[in-house]
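Asks: Sharing a structure below in structure tokens format, with a few things to ask.
The values are calculated or read from the model by the stated rules, or taken from the named source; none is laboratory data. Keep in mind the model is a prediction, meaning the values are calculated, not measured. Here the Cβ is made from the backbone with ideal geometry for all residues, glycine too, and neighbour counts use every protein chain on show.
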Amino acid sequence: MSQERKEHWDNVYATKQPQEVSWTQEKPQTSLDFIHSFKVDKKASIIDIGGGDSKLVDYLIEEGFEDISVLDISEKALEKAKQRLGEKAAKVNWIVSDITEFTPKKKYDVWHDRATFHFLTTATQVQKYMDIARNAVKNYITIGTFSKNGPKKCSGLDIKQYTENELQAELVKGFEKIKCINEDHVTPFNTVQNFLFCSFKRQSI
């Protein structure tokens, strides 16, 4: 695991409250809409990549999904989510890992990522991510990343922006695009970040 990246994110989650970071959403409606669009049953295995202390897991539990995993490089982020959920935290598989070093122990029906992909700024990092996803995703993948109209940095780190065609090109081997949308995310500071969300279906390679 990149110690520098881990220390960065542990520090963010140790020192900032949800209203002090740009990615906070009270209800992650777009993410939920994409997951609902796949029409998977409540026993479907769902993983949230870079989930941190996002409330997506809260809503998935509330809706009755039974096989939820949340992965994040920051153990502190996951601890905050566990504290918020209380007893419900036991319903979730919590995974502390750098996504580029993740070794999945199972395959997932739904892979969701609204937080991690745009932080992979080198071809090697993207390649590692995609190799892991191709091996781990059984049915669907949805990625939310910064668009060309989005910020160039997040949390003090450089990010990589994507067009629909560029994101599709990264997933063309193994996945078929279902749909893409652009969305303006209003941050807790009342600034606007433009995201590109795309969903894909697993294809045989």
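Asks: How about region 26-44: which of its residues are closer than 12 Å to Ile141 by Cα, at pLDDT 95 or above and crowded, with 16+ Cβ neighbours inside 10 Å? Please lay out each step first, then the result.
Replies: So in region 26-44, the residues closer than 12 Å to Ile141 by Cα come out as 31, 34-35, 37-38.
From what is left, the residues that are at pLDDT 95 or above are 34-35, 37-38.
The answer is Phe34, Ile35, Phe38.
Asks: Any idea which residue in region 90-122 is farthest from Val57 (Cα to Cα), counting only those that are hydroxyl-bearing (Ser, Thr, Tyr) and out of contact with any strand residue (DSSP E or B) (no Cβ under 8 Å at 6 or more places or on another chain)? Show your work before the answer.
Replies: Initial filter on region 90-122 (hydroxyl-bearing (Ser, Thr, Tyr)): 97, 100, 103, 108, 116, 121-122.
From the residues that got through so far, the ones that are out of contact with any strand residue (DSSP E or B) (no Cβ under 8 Å at 6 or more places or on another chain) too are 100, 103, 122.
Numbers: Thr100: 22, Thr103: 21, Thr122: 29 Å.
The extreme case among them is Thr122.
Asks: From the list Gly86, Gly174, which residue is on the phi > 0 side of the Ramachandran plot and surrounded by 14 or more Cβ atoms within 10 Å (Cβ to Cβ)? Working first, answer last.
Replies: On the way: Gly86 fails: surrounded by 14 or more Cβ atoms within 10 Å (Cβ to Cβ).
When all the criteria are applied, what remains is Gly174.
Asks: So Lys55 clears everything in (1) out of contact with any helix residue (DSSP H, G or I) (no Cβ under 9 Å at 6 or more places or on another chain); (2) closer than 24 Å to Phe195 by Cβ except one condition, right? Which one?
Replies: The one condition Lys55 does not meet is (1).
Asks: Just checking, does region 79-99 include any residue being over 27 Å from Thr121 (Cα atoms), free of Cβ contacts under 8 Å to residues at least 40 places away in the same chain and in a loop (DSSP other than H, G, I, E, B)?
Replies: no
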